[in-house]
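First the structure, in the form of structure tokens, and then the observations on it.
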Amino acid sequence: MHTAKQGFRAILLRHETILLFVVLLEWLYFNSVGPRFGSVDNTFDIMRHSVEIGLLALVMTPIILTGGIDLSVGSLLGLCAISFGKFWRDAGMPIPLAAACTIGIGALAGGLNATLITWLRLPPLIVTLGTFSLFRGLAEAITRGADTFTNFPASFLFLGQERWLGIPAQASSFILVSIGIWLLVHRTTFGRSFRAIGFAPEGTRYAGISVERRLAMAYVLAGIIAAVAAIIYTSRLGQAKADAGMGYELFAITAVVLGGTSIFGGIGTVHGTLLGVAAIAVLNNGLVHARQSREVAGMLTGLLLILALTSSIIPKMLASLKTRRQTLATKPIIT
Amino acid sequence: MKKIISLIVVAGLAFVSGCGKSNSSSGGSSNVTGGKKITVALMPKSKGNAYFISCKKGADKAANELGVDLVFDGPTDPDPAKQNEIVENWITLGVDAIAVACENREGISTALRKAKAKGIKVVTYDADALPNARDFFVNQATPEGIGYGLMDEAARLCGNEGEFAIITASLTAANMIEWQKYIEAHRADKYPNMKMIALRPCDDMKDKAQSEATALLSANPNLKCIMAICSPAVPGSAEAIKQAGKIGKVKLLGLGLPNENKRYVHDGVTDSVILWKTEDLGYLAVFAADALAKGDLKPGDKTIKAGPLGELQIEGDSILLGKPFIFNKSNIDQFDF
């Protein structure tokens with residue numbers, strides 16, 4: 001009985017549980033102030049608006065688990081969006097082929113990050129800071145900053161703007177990717193090694209795991225999913241321009257960290273990330289319904305992040321304080 | 001421990017709800033006349049921009065006079081998808097009319113068409129969307145109005161004769177080419193003794209404008225007037241004239257914001273800054289959106305009576321704000337944008 005209670009308490013104190021409560025509280029609060037907040041339409045709005053950042057956050061999770069980071073995903077989204085436009089409009093490819101080639105570009109770009117990080121052993125922060133500028137710069141150079149791709153066929157715009165099986169069409173791809181990444185990280189030895197690498201890269205290497213291959217895989221995956229996000233983004237807006245996805249990398253990282261993944265690697269879950277995405281998305285949308293200005297959203301996201309981080313650390317701090325006090329009390333005083 | 005956590009969460013939410021209560025009166029005191037209060041949502045290109053803050057002043061005034069519930073929101077970061085998201089939120093929120101200054105012509109049109117399909121009236125101002133995505137465009141200045149206004153003012157400053165030069169943003173910018181066309185047409189028509197001797201691009205940069213103006217001044221001793229038709233070129237040219245010691249000898253006029261030129265106007269370097277009154281633009285955007293929602297403004301109308309702005313022309317589906325406004329020493333201090 002005692003252990004069951006302990007176990008329940010552990011689950012209750014888990015970061016993800018606290019975050020789930022935060023999301024629920026947000027929901028209840030906004031539902032009470034905004035008459036249309038809880039409507040189906042609005043729920044779908046929230047989904048639609050968070051798919052691209054959600055996808056980036058999902059693939060950012062394994063990377064951060066390994067102790068790495070990918071700052072280039074937002075820029076890569078921009079590069080992929082205009083590549084997609086180029087393939088379709090200028091090369092005259094049908095949409096599915098253009099999409100496939102775009103995903104190829106994403107994989108190549110992710111491969112570039114992976115090569116620099118694993119072969120040359122450069123720090124991910126520096127490598128992706130470089131490709132962050134490189135990818136965006138390429139996108140701007142190709143379009144000279146002004147060329148905009150529009151007039152996509154309605155069948156393609158369906159993906160970003162219409163409903164399929166009752167839910168926003170892009171939500172189904174998001175759900176698929178979520179399940180895929182969750183299974184990869186939590187249910188395969190391959191995925192579990194991401195956390196091992198984050199804890200101790202050298203130790204993992206001595207355990208006979210090919211650290212480089214797994215790291216490379218995480219960055220290539222990020223590239224591929226960034227391309228998918230770019231296609232969804234283009235479909236949602238009906239436009240591809242070089243400034244697509246600007247700043248998205250930071251939103252993705254925020255969602256991952258808010259979801260309880262340690263920025264030093266080793267600790268974290270995919271469902272935590274999903275909750276992180278939800279917490280930010282609900283907040284951003286809800287503030288509109290509460291008739292709040294947009295600046296408040298940024299402030300509250302920051303506050304939420306700090307709150308979530310401290311709330312998961314405070315219990316540990318209190319626990320260690322308690323044991324210290326106990327040891328102090330029992331320690332014989334030597335004079 | 002649990003208590004502490006819940007305390008933190010509750011404190012956080014209390015903060016959120018505290019924020020929630022403060023903003024409910026953004027529409028201002030209004031005279032609701034029995035019927036349903038109209039909600040107009042107004043979006044700038046970006047929120048921190050002084051130009052749009054000044055537009056909002058006019059919009060607030062219109063909302064107060066008309067008893068409109070005004071929602072004002074816009075992007076605070078450079079994400080081009082933000083305008084679409086805000087519009088989509090407004091659709092769900094169920095506003096009656098939307099007025100948008102469009103950052104991305106094609107991109108925003110997707111969301112605006114959706115709003116129109118839901119029966120929401122759509123007006124664009126400052127920068128237009130695709131014509132099928134909105135009901136009316138509130139046009140702050142036609143190329144003709146800008147071109148003629150610039151040429152008239154230049155001629156007035158020079159006494160109808162002499163050489164002048166134009167500094168533009170780039171030789172390929174579509175809107176500026178359009179303005180130059182009207183400047184030239186008006187010159188040939190009305191001021192044959194004025195002579196345009198040079199057209200120089202400044203790449204929309206102040207320092208480049210300054211070096212171009214310096215070069216123009218030293219190469220053309222008879223130059224009487226510089227016309228700067230992109231906003232960084234006005235202070236840039238002013239600096240050049242000042243440093244060349246030609247204050248008063250060479251006249252300067254241009255398109256720009258009052259605030260960035262005030263100093264030079266007071267020093268007598270810059271003679272005239274031409275632009276529209278942004279407050280009037282915001283006023284008209286809300287006025288037109290409200291009129292549309294009430295059914296007072298319909299497609300095909302030829303004029304609109306916009307309160308203190310008087311009767312304004314409608315050309316096709318664009319509502320014309322009227323002639324540009326000239327800011328000079330006597331009035332520039334009344335404007336803050």
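The values are calculated or read from the model by the stated rules, or taken from the named source; none is laboratory data. Nothing here was measured: the structure is a model prediction, and the numbers come from that model. Note that each Cβ is placed from the backbone with ideal geometry, even for glycine, and that neighbours are counted across all protein chains shown.
Observations, loosely collected:
- The residue that is surrounded by the fewest Cβ atoms within 10 Å (Cβ to Cβ), counting only those in region A:307-323 that are at the interface with chain B (Cβ under 10 Å from one of its Cβ atoms) and under 30 Å from B:Asn89 (Cα atoms), is A:Leu307.
- Strands (runs of 3 or more DSSP E) contained entirely in region B:69-170, each with at least 2 residues that are within 14 Å of chain A (Cβ to nearest Cβ) and more than 30 Å from B:Leu199 (Cβ to Cβ): B:69-72
- Here B:Asp189, B:Asp152, B:Asp203, B:Asp207 are screened, and the one residue that is at positive phi and either assigned by TED's automatic domain parsing to the domain that holds B:Gly236 or surrounded by 14 or more Cβ atoms within 10 Å (Cβ to Cβ) (or both) is B:Asp203.
- Every residue from region A:41-52 that is of a type in the set (A, V, I, L, M, F, W, C) and facing another protein chain (nearest Cβ under 10 Å): A:Phe44, A:Ile46
- A:Arg205 being of a type in the set (Lys, Arg) and touching a helix residue (DSSP H, G or I) at 6+ places or on another chain (Cβ under 6 Å): yes
- Residues being within 22 Å of B:Trp179 (Cβ to Cβ) and under 21 Å from the mean Cα position of the chain (by Cα) - total across region B:260-269: 3
- Residue match in region A:56-67 (condition: more than 18 Å from the chain's Cα centre (by Cα) and modelled with pLDDT of 95 or more): no
- Residues of region B:173-223 satisfying the condition of being polar (S, T, N, Q) and at pLDDT 90 or above: B:Gln180, B:Asn193, B:Gln210, B:Ser211, B:Thr214, B:Ser218, B:Asn220, B:Asn222
- Positions within region A:257-271 being modelled with pLDDT under 95 and buried (at least 22 other Cβ atoms within 10 Å of the Cβ), in sequence order: A:Leu258, A:Gly259, A:Gly260, A:Thr261, A:Gly265, A:Gly268
- Of all residues in region B:159-174, those that are surrounded by 13 or more Cβ atoms within 10 Å (Cβ to Cβ) and out of contact with any strand residue (DSSP E or B) (no Cβ under 6 Å at 6 or more places or on another chain) total 3.
- Residue in region B:52-68 that is farthest from the other protein chains (Cβ to nearest Cβ), counting only those that are at pLDDT below 90 and crowded, with 19+ Cβ neighbours inside 10 Å: B:Ser54
- Residue ranges of helices (runs of 4 or more DSSP H) in region A:137-256 with at least 2 members crowded, with 21+ Cβ neighbours inside 10 Å, within 13 Å of chain B (Cβ to nearest Cβ) and at pLDDT 95 or above: A:211-237
- The test for being modelled with pLDDT under 95, surrounded by fewer than 22 Cβ atoms within 10 Å (Cβ to Cβ), of a type in the set (Gly, Ala, Ser) and closer than 17 Å to B:Val269 by Cβ holds for B:Ala244.
- Just one of (1) at negative phi; (2) out of contact with any strand residue (DSSP E or B) (no Cβ under 6 Å at 6 or more places or on another chain); (3) not assigned by TED's automatic domain parsing to the domain that holds B:Met194 fails for B:Gly300. It is (1).
- Residue in region A:35-56 that is touching a Leu at 6+ places or on another chain (Cβ under 8 Å) and surrounded by fewer than 22 Cβ atoms within 10 Å (Cβ to Cβ) present: yes
- Counted residues, region A:270-306 - those being among the polar types (S, T, N, Q) and within 8 Å of chain B (Cβ to nearest Cβ): 3
- Single residue of region A:280-298 satisfying the filter (outside any helix (DSSP H, G or I) and on the phi < 0 side of the Ramachandran plot) that is modelled with the lowest pLDDT: A:Ser293
- Cβ-Cβ under 6 Å pairs, at least 6 apart or on other chains, region A:310-325 side part of a helix (DSSP H, G or I), far side polar (S, T, N, Q): none
- Residue that is surrounded by the fewest Cβ atoms within 10 Å (Cβ to Cβ) [pool: residues in region B:275-328 that are β-branched (Val, Ile, Thr) and within 15 Å of B:Thr124 (Cα to Cα)]: B:Ile314
- The single condition among (1) more than 19 Å from the chain's Cα centre (by Cα); (2) within 14 Å of chain A (Cβ to nearest Cβ) that B:Asn49 does not satisfy is (1).
- Only a single criterion out of (1) farther than 21 Å from B:Trp179 by Cα; (2) not hydrophobic (A, V, I, L, M, F, W, C); (3) not in a loop (DSSP other than H, G, I, E, B) is not satisfied by B:Pro221, namely (3).
- All positions within region B:278-337 that are free of Cβ contacts under 8 Å to residues at least 60 places away in the same chain and of a type in the set (Lys, Arg): B:Lys298, B:Lys302, B:Lys305
- Test: B:Ala41 is surrounded by 23 or more Cβ atoms within 10 Å (Cβ to Cβ) and away from chain A (no Cβ under 11 Å): no
- Qualifying residue in region A:271-284 (condition: in contact with a strand residue (DSSP E or B) (Cβ under 8 Å, 6 or more places away or on another chain), closer than 20 Å to B:Asn84 by Cβ and of a type in the set (S, T, N, Q)): no
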